[in-house]
1. Please express the shape of the range 57-189 as an equivalent ellipsoid: the semi-axes are the square roots of 5 times the eigenvalues of the C-alpha gyration tensor, given largest first in whole angstrom.
2. For the range 28-33, what does the Karplus curve 6.51 cos²θ - 1.76 cosθ + 1.60, with θ = phi - 60°, yield as ³J(HN,Hα) per residue in whole Hz, taken in order and with x for Gly and Pro?
3. Kindly give Rg over Rh for the range 1-140, based on alpha-carbon atoms, with the Kirkwood expression for the hydrodynamic radius.
4. Rank VAL13, VAL173, VAL127 by mean-square fluctuation in a GNM of the chain with C-alpha springs under 10 angstrom and give only the top-ranked residue.
5. Using the Karplus curve 6.51 cos²θ - 1.76 cosθ + 1.60 with θ = phi - 60°, what ³J(HN,Hα) values do you get for each residue of the range 105-121, in whole Hz, with x for Gly and Pro?
6. For the range 34-101, compute Rh as the Kirkwood radius over C-alpha pairs and then the Stokes-Einstein diffusion coefficient at 10 °C and 1.306 mPa s; write the answer in µm²/s, rounded to an integer.
7. Give the residue from ALA6, PRO121, GLY148 lying farthest towards the positive end of the charge dipole for the chain; charges sit on Cβ (+1 for Lys and Arg, -1 for Asp and Glu) and the dipole is referred to the Cα centre.
8. Within a Cβ distance under 13 Å of ALA33, other residues only, what is the Lys/Arg minus Asp/Glu net charge?
Amino acid sequence: MVRMSAEERRESVIRAATTEFARGGYYGTSTEAIAKRVGVSQPYLFRLFPGKKALFLAVAQRCMEDTIRTFEEAAKGLEGEEALRAMANAYTKVIAEQPERLLMQMQMYVTVGAAEQAGDPEFGEAVRDGWMRLWDTVHLPLGADTDGTTTFMAYGMLINCLVAMGFPPGHRVWEGLYPEARLEGRLEK
């Protein structure tokens, strides 16, 4: 059996933690479940990440970075309406093919609210920083138009909510979205 490097093991932990946190959220996911999914002990998990919070924040950062990269790659060399449609198409493809990324995003936002209610601002600071990087990534290809960026991000959050609630492609709630943002033909019914 080939041994993984610490960095490879760290990557496998982030992938496993993404799946577990996407399903159970921060408060409903144990580090034991994550360690078990990866096939490592909890003490080893804590050698890679100093605690559950650090692991969740690493997963949240990865989730945002992956979404930013999706938008950057889709919009490369495009502007305005072409960039909007390319980014919308790329995003709906990602959430159809990698639903755990969508669910992780939703868990990030819920965790911010819960943590801040409990007096812990660290989650919010990290997630808001990622959101602003995401905003800036979308803002420039859309011509630095604040209204256009707001609309694009609002549609994205609507899509997140509709998918998270399980509205199937073709349901009437999708009719108001531009065609690239619809999930028809992307998700299994």
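1. On the way: eigenvalues 112, 75, 33 Å².
Rounded to whole Å, the semi-axes are 24, 19, 13.
2. x, 10, 9, 5, 4, 5
3. Values: Rg = 16.3 Å, Rh = 16.1 Å.
Value, to two decimals: 1.02.
4. Result for the chain, Cα springs under 10 Å: VAL173 fluctuates most.
5. With the stated coefficients, the range 105-121 comes to 4, 4, 5, 4, 5, 5, 5, 4, x, 5, 5, 5, 4, 8, x, 10, x Hz.
6. Reported coefficient: 113 µm²/s.
7. Farthest towards the positive end: ALA6.
8. Details: positive: ARG23, LYS36, ARG37, LYS52; negative: GLU20, GLU32.
Neighbour charge sum, excluding ALA33 itself: +2.
Only the coordinates and a few stated rules stand behind these numbers; no lab work does. Remember, predicted model here, so these are calculated numbers, not experimental data. Glycine gets a Cβ as well: all are built from the backbone with ideal geometry, and neighbour counts include every protein chain shown.
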